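Worksheet for the structure shown next.
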Amino acid sequence: MIVWLNGTHGAGKTTTSALLPALLPDSRVFDAEKVGETLMDITPGLPATDNFQHWPPWRPLVVETARRVLDYTGGTLVVPMTVLVEQYWREISTGLAQHAIPVRHFVLHADQGTLRGRIEGDTVLGPSPFRLAYLQPYAEAARTWLHDAAEVVDTTHLTPAQAAVQIAEAVKS
């Protein structure tokens, strides 16, 4: 099974995903961003883009990597990855379904003010114009398709530990 944690920057995906293996037996975290980083390392580089998700190989490589890891390890993969383009989510979820891999898709949500405050106050990554630029696309995706395609966990007033418990309980039920 895959537990996909979607949502924009500042919602708590990375922190929450790190807590889930202790709550979900036989689970591990797969950071699909590493697939994008691998594509970014190709030289000479792939066509210029502001987001590696726009490269057509990224989506099937995420599916194939997840499939291969699950074939090897079994259990559950927790994937903390923002996907705001509906077509991209459909490609990934359809690809996983073609391999009979069940997906629990969660969106970690917080209101825009909370997200902005978390990004601007991030002591690890620091304030990030890149991360802030995704607030509006997230709001649009949430309004038009994303919240309908997932189980929404509002993290505005939750700690990552509380969000992790809520997700783990949903997955186990």
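The values are calculated or read from the model by the stated rules, or taken from the named source; none is laboratory data. Predicted model only: the values in this text are computed from it and were never measured. Cβ placement follows ideal geometry from the backbone for every residue including glycine, while neighbour counts extend to all protein chains displayed. Just so you know, the surface numbers come from the protein's heavy atoms only, side chains and all, with ligands and any DNA or RNA stripped out. Shrake-Rupley method; radii C 1.70, N 1.55, O 1.52, S 1.80 Å.
Computed 3J(HN,Hα) for segment 21-36, one whole-Hz value per residue from the Karplus formula 6.51 cos²θ - 1.76 cosθ + 1.60 where θ = phi - 60°, is x, 6, 9, 10, x, 6, 10, 8, 9, 10, 8, 5, 5, 5, 5, x, glycine and proline marked x. Note on residue 85 and residue 140: their simple-model spin labels are 1.3 nm apart, each label 7 Å out from Cα toward Cβ.
Just to confirm my numbers, what's the Cα centroid distance between segment 1-34 and segment 77-114 in Å? Computed from Cα coordinates, the inter-centre distance equals 11 Å.
Taking the Cα centre of segment 40-173 as reference, the dipole from Cβ charges on Lys and Arg (+1) and Asp and Glu (-1) amounts to some 180 debye. Between residue 42 and residue 111, the distance separating the two model label sites (each 7 Å from Cα on the Cα→Cβ line) works out to 4.3 nm. Given their separation in residues at 0.36 nm each and the Cα-Cα distance between them, residue 151 and residue 125 gain 6.6 nm when the chain is fully extended. Note on residue 51 and residue 71: their simple-model spin labels are 3.0 nm apart, each label 7 Å out from Cα toward Cβ.
In the complete set of protein chains, residue-level accessible area for residue 67 is approximately 50 Å², probe 1.4 angstrom. Report which label in (i) 52, 41, 23; (ii) 52, 43, 29; (iii) 45, 39, 31 holds the value of Cα extents along the principal axes in Å derived from the coordinates of this structure. It is the value labelled (iii). When the Cα positions of 128, 45, 171 are compared along the charge dipole of the chain, 171 comes out farthest toward the positive end, with charges on each C-beta of Lys, Arg, Asp and Glu.
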